[in-house]
Structure formats: structure tokens, C-alpha cells
Amino acid sequence: MNNKEFITVTSPLLPNLEEFHVLLKEIWDSKWITNNGSFHRRLETALAEYLKVPYVSLFTNGTLPLITALQALRITGEVITTPYSFVATTHALWWNGIKPVFVDIEPETGNIDPNKIETAITPKTTAIMPVHVYGKPCNVKAIQEIADKYGLKVIYDAAHAFGVEVNGESILNAGDMSTLSFHATKVYNTLEGGALVMHDEQTKKRIDYLKNFGFAGETEVVAPGINSKMDEVRSAYGLLNLKQVDTAIEARHQVASQYRKALRDISGITFWDDIPGVKHNYSYFPIFVNAKKYGMTRDDLYTKMKENGILGRRYFYPLISNFSTYRGLPSATRENLPVATKMADEVICLPMHHLLNAEDIQRIINIIIR
Ligand SMILES: Cc1ncc(COP(=O)(O)O)c(C=O)c1O
């Protein structure tokens with residue numbers, strides 16, 4: 001099959017090349033290419049405004065803000081988290097020497113089930129790390145109530161939740177901090193990149209130290225920080241992408257509407273609708289295959305799609321709790337995670353990006369409808 005005939009699960013949002021050249025020239029002329037330069041500062045300000053959050057600290061990817069948030073809040077011992085995510089969520093705990101405790105998810109959202117959190121709390125629990133999976137908002141109110149009751153911190157992995165709002169408020173304002181990923185595959189990208197969202201200036205200052213080796217001045221190091229600064233080239237690229245992200249999200253919205261219309265009555269195929277009051281970002285379009293009703297397993301449909309040039313992805317299969325690093329944990333058993341296990345066995349994320357056209361969408365739908 002010719003490469004052009006493949007429909008990939010995503011396609012990066014790329015800034016206008018000529019506009020990018022202009023900004024590159026500015027960077028070249030200034031000779032300031034990293035370390036809190038003017039584009040870095042401008043992008044932090046622009047993102048805070050766009051996302052309706054008080055403070056943003058840019059990072060070089062979406063994994064290091066997770067690791068750094070845990071350090072900044074001095075999280076130790078055990079952290080309650082979800083197995084239904086990208087592996088970086090749990091790796092961030094591992095890198096801090098923290099034991100992950102997996103809690104099952106809700107069938108309605110794919111997010112951690114607040115009703116199952118309390119029984120997983122032990123004297124060693126210090127925090128909860130939920131994920132707004134596919135950009136669908138967690139039940140932040142219920143999670144905060146549990147956190148307040150037991151004195152726990154909450155760090156949201158909001159890698160998928162760029163721009164998501166509930167009743168006009170950014171979902172990124174929930175919890176103690178939220179992290180974002182600006183990886184090429186995300187709704188908004190800076191090639192590689194990410195950010196931490198925090199509520200106050202003091203925390204922002206501390207995070208800015210931690211992402212710069214712990215430097216608090218020319219000769220003062222206040223913590224064993226890491227290097228996870230975003231450079232000027234990617235910050236400039238990010239500023240340009242911010243101008244077109246709304247248009248890209250609207251194009252994704254149209255794709256989601258067409259999928260929903262065509263797949264609504266296919267026996268054995270289910271998907272989620274938009275939630276009233278939520279501003280979605282349409283970052284993914286997961287469908288769930290009930291093999292008995294559909295007459296074909298998820299893996300057979302996945303393979304059939306692939307053979308026809310349609311590259312869906314089984315996000316999130318396998319569960320994080322099934323990877324060798326984590327499967328020995330007491331909380332990693334199938335019995336503890338029945339909803340997540342079922343979802344991981346049934347899910348396929350259909351191609352979802354701003355460049356899909358009507359012909360592409362029809363080709364995808366035809367394969368599923370048969
Ligand atoms: C839920 C989740 N968390 C964290 C990450 C890590 O982000 P990055 O790839 O930018 O390091 C991803 C990324 O792809 C993700 O999907």
C-alpha cells in the first residue's frame with residue numbers, strides 16, 4: 001500500500017512555515033536560544049491567558065512536569081493512580097521512588113473511580129494522581145473531597161486536557177497542580193513540550209528553579225532540580241500554533257460529529273457523547289468493540305483496519321498495571337481492575353485530527369460498518 005493511502009491516528013498541527021521563519025530570524029538575531037528567553041516568557045503568558053489559568057511553567061516534554069510536580073510537593077510513599085493511561089503517568093512515580101497504587105476506573109469516562117479511592121488509602125498514601133483520559137474531565141469535586149478528608153495532594157495528569165473547560169472554568173485549575181503534554185501527537189503541540197499549571201506565584205517560582213537544576217540565582221542551588229527547560233525555537237513555534245488551535249479543535253469536532261452520526265446504530269460498537277457543560281477538545285475518538293454483539297473482536301477489527309490502511313491505536317492497551325515494572329504490585333491484579341481491563345480489551349482510538357476529510361472519514365466508517 002502506498003504511504004499516501006494510510007490514514008494515521010493523528011497528524012501534527014504545524015505552524016505556517018513563513019511565519020515561523022520570521023520568528024526564527026528574530027531568535028537568530030537575538031542570539032538568545034534558551035534559558036527563559038523572550039519567546040519562552042511570551043508563551044507562558046499567552047498560554048495562561050488562553051487556558052484561563054493563573055500560572056504556567058513551560059517544560060521540555062509532558063513527562064518531566066509530572067516528575068517535577070511530585071518533587072515540588074514532596075510526595076513520598078504511596079500514590080493512588082489509574083492504570084488506564086499512557087505509561088508516563090506511573091513512570092513519574094517510579095522515578096521518584098513512589099509506590100503506585102492502582103484504582104479502577106469509571107465505565108462512563110475511563111477516569112479513576114472516586115468511589116474506589118478510599119479503600120486504597122493507607123497510612124503511606126500522600127497523594128492522588130488522576131488522569132483526564134482522552135481529555136474527559138475527572139470527577140474533580142469528589143476527588144478533592146477525599147483528598148481534603150485524608151490530607152492528600154492531588155496532581156492531575158492533564159496531558160490530554162488542553163483547553164478543556166467545565167461550565168466555563170478550566171479543568172486545569174483543579175487539584176494542587178496539573179500537567180500538560182505538547183507532544184506532536186497532541187491537540188496543541190510544540191514538537192515536544194509540556195507545562196505545569198499552578199495556582200500561585202510562589203509555587204511557580206519553585207517549579208522554575210526545579211526545571212533549571214534548582215538554580216535560584218547565579219550561585220545558589222536550592223534543590224536537586226533537573227534540566228527540563230523549553231527552548232526559544234519551540235516556544236516561538238508554540239506561539240504560532242496557539243493562533244490556530246481553536247480552528248483545529250473545531251475541525252476535530254466536525255470529525256467526531258460525523259463518526260457519531262455514522263456509528264450510532266452499529267450493534268456492538270459504542271462511544272461516548274459530549275458531556276453537557278463541558279468544552280471538549282476532541283483529542284481522541286475511542287470506540288469500544290463488544291465482540292459478541294459486533295461479531296468480531298477488537299483485535300480483528302484493529303487488524304482489518306490496518307490491512308485497509310487505517311491506523312487506529314489501542315490506547316490504552318495494555319494497561320499500565322500489566323507492564324513488567326508494575327504487574328507484581330498488589331493493586332495490579334485483574335480482579336482489582338475489572339472495568340479498566342474490559343475497556344483496555346475493547347478500545348480502539350479512531351483516526352482523529354484536523355486534516356481528516358470527508359473521503360477519509362467515509363473510508364474509516366465503511367470498514368467499521370462492513
Ligand atoms: C496521559 C499522558 N501522560 C503523560 C504523557 C507524557 O507526555 P510526553 O510524551 O510529552 O512526555 C503522555 C503522552 O504522550 C500522556 O498521554
* Asked: Going by accessible area, probe 1.4 Å, with all protein chains left in place, what is the ranking of 90, 333, largest first?
  -> 333, 90
* Structure fact -> Across 10 Å bins beginning at 0, the whole-percent shares of Cα-Cα pair distances in segment 274-337 come to 17, 30, 35, 18, 0
* To do: Keeping all protein chains in position, work out how much accessible area residue 20 exposes to a 1.4 Å probe, and write it in Å² to the nearest 10.
  => 30 Å²
* To do: Calculate the length of the line joining the C-alpha centroid of segment 83-106 to that of segment 225-241, in whole Å.
  => 26 Å
* Pick out which of 179, 303, 219 has the largest mean-square fluctuation in a Gaussian network model of the chain, springs linking Cα atoms closer than 10 Å. => 219
* Based on the Cα coordinates of the chain, what is the per residue volume of their convex hull in Å³? -> 143 Å³
* Solvent accessible area, Å² - residue 239, 1.4 Å probe, full protein context -> 30 Å²
* Ordering 76, 297 by how much accessible area each has at a 1.4 Å probe, largest first, what is the list? -> 76, 297
* Over segment 171-225, what is the mean sequence separation of C-alpha contacts under 8 Å (at least six apart), divided by residue count, expressed as relative contact order in percent? -> 23 percent
* Structure fact -> Share (percent) of C-alpha pair distances in segment 293-367 greater than 21 Å works out to 41 percent
* **Square roots of five times the Cα gyration tensor eigenvalues for segment 25-135, Å** => 34, 16, 12
* Asked: Taking Rh as the Kirkwood radius, which is the inverse of the mean 1/r over Cα pairs, what is the Rg/Rh value for segment 200-284?
  -> 1.25
* Considering segment 69-117, what Rg and Dmax in Å follow from its alpha-carbon atoms? -> 11.4, 33
* Could you run the Debye sum over the Cα atoms of segment 135-218, one equal point scatterer each and no solvent, and tell me log10 of I(q)/I(0) at q = 0.11, 0.13, 0.25 Å⁻¹, two decimals? => -0.36, -0.50, -1.22
* **Residue of 164, 22, 347 that the Gaussian network model of the chain assigns the largest fluctuation, springs spanning Cα pairs under 10 Å** => 22
* **the chain - percent relative contact order, Cα under 8 Å, separation 6 or more** => 23 percent
* Structure fact -> Hull surface over four for the Cα convex hull of segment 226-332, reported in nm², is 11.9 nm²
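The values are calculated or read from the model by the stated rules, or taken from the named source; none is laboratory data. What you see is a predicted model; the values in this text were computed from it and never measured. Just the protein is used for accessible areas: all its heavy atoms, side chains included, with ligands, DNA and RNA removed. Shrake-Rupley method; radii C 1.70, N 1.55, O 1.52, S 1.80 Å.
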